[in-house]
Amino acid sequence: QAPVERVWQYLIDPASVVQCLPGAELLESQDERTFLGQIKVKVGPLSMSYKGKASFTEVNDETHTVRMVGDAREVGGSGSTKVTMVSIVTPLEGGGSQVSVDAEINLVGRIVQFGRGMIEEVSRQMFRQFATCVKGRLEVEEPPHLVSSSTDAAPAASADTSATSATSTMAALNR
């Protein structure tokens, strides 16, 4: 079971997170809270690529809450997306951690022709893949630089990730 602090450190490290986000790539860190990246998404027969910027607007180490906002433009198209996401890491009884995520994703462009149902399903699938990847990475033993000087092995880790809600409007499709 992964302790809250270990899960928290993973989730506020964009270089770690992007490794588990399907189709995503971290292009540049502008500073410790602002990042440039791109993501490729396939919805139905369309594949789209978006480039943009994401920023941590709140990082609260005490409550283990992070708020991220981002916006991106479709590469070679007229589409765009805006994202607001709040993640909270909380301890579980008996050990381990839970990550609750509230995300609002506004989409504009040709992707919306597929309707909310298909977009929501693709979004859920991407989130499941992300959660499975993070859990897999946290279930391995901690790297040597994180292990204390004692001879005890680091405990196995896991993270339960659940989406708590997603806001939707018809004007701009949301997750």
Failed item, numbered, when residue 51 is tested on (1) out of contact with any strand residue (DSSP E or B) (no Cβ under 9 Å at 6 or more places or on another chain); (2) in contact (Cβ under 8 Å) with a residue 24 or more places away in the chain; (3) of a type outside the set (A, V, I, L, M, F, W, C): (1)
Scanning for something open to solvent by less than 60 Å² (accessible area, probe 1.4 Å) and under 17 Å from residue 39 (Cα atoms), does segment 93-100 turn up at least one residue? no
Which listed residue, of 84, 90, is in contact (Cβ under 8 Å) with a residue 40 or more places away in the chain and in a strand (DSSP E or B): 90
Being under 20 Å from residue 119 (Cα atoms) and not in a helix (DSSP H, G or I) is true for just one of 59, 41. Which residue is that? 41
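For the structure I just gave you, tell me whether residue 43 is touching a residue at least 24 places away in the same chain (Cβ under 8 Å), open to solvent by less than 50 Å² (accessible area, probe 1.4 Å), in contact with a Ser or Thr (Cβ under 7 Å, 6 or more places away or on another chain) and of a type in the set (Val, Ile, Thr). Don't jump to the end; show me each part of the working.
Values: touching a residue at least 24 places away in the same chain (Cβ under 8 Å): yes; open to solvent by less than 50 Å² (accessible area, probe 1.4 Å): yes; in contact with a Ser or Thr (Cβ under 7 Å, 6 or more places away or on another chain): no; of a type in the set (Val, Ile, Thr): yes.
Against the criterion (touching a residue at least 24 places away in the same chain (Cβ under 8 Å), open to solvent by less than 50 Å² (accessible area, probe 1.4 Å), in contact with a Ser or Thr (Cβ under 7 Å, 6 or more places away or on another chain) and of a type in the set (Val, Ile, Thr)), residue 43 does not qualify.
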Within segment 5-17, how many residues are surrounded by 18 or more Cβ atoms within 10 Å (Cβ to Cβ) and over 14 Å from residue 55 (Cα atoms)? 4
Go through (1) buried (at least 18 other Cβ atoms within 10 Å of the Cβ); (2) in contact with a strand residue (DSSP E or B) (Cβ under 7 Å, 6 or more places away or on another chain); (3) over 19 Å from residue 50 (Cβ atoms); (4) at pLDDT below 90 and name the single condition residue 134 misses. (4)
I'm told residue 30 meets every condition in (1) farther than 22 Å from residue 133 by Cα; (2) at pLDDT below 95 except one. Can you identify the failing condition by its number? (2)
Hey, residue 24 more than 30 Å from residue 95 (Cα to Cα), in contact with a helix residue (DSSP H, G or I) (Cβ under 9 Å, 6 or more places away or on another chain) and touching a residue at least 40 places away in the same chain (Cβ under 8 Å) or not: no
Being small (Gly, Ala, Ser) and exposed (fewer than 14 other Cβ atoms within 10 Å of the Cβ) narrows it down to one of 76, 23, 70, so name that one. 76
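The values are calculated or read from the model by the stated rules, or taken from the named source; none is laboratory data. All values reported here derive from a predicted model rather than from experimental measurement. Cβ atoms come from the backbone with ideal geometry, glycine included; neighbour counts cover every protein chain shown. Note: accessible area is taken over every heavy atom of the protein model, side chains too, but ligands, DNA and RNA are not part of it. Shrake-Rupley method; radii C 1.70, N 1.55, O 1.52, S 1.80 Å.
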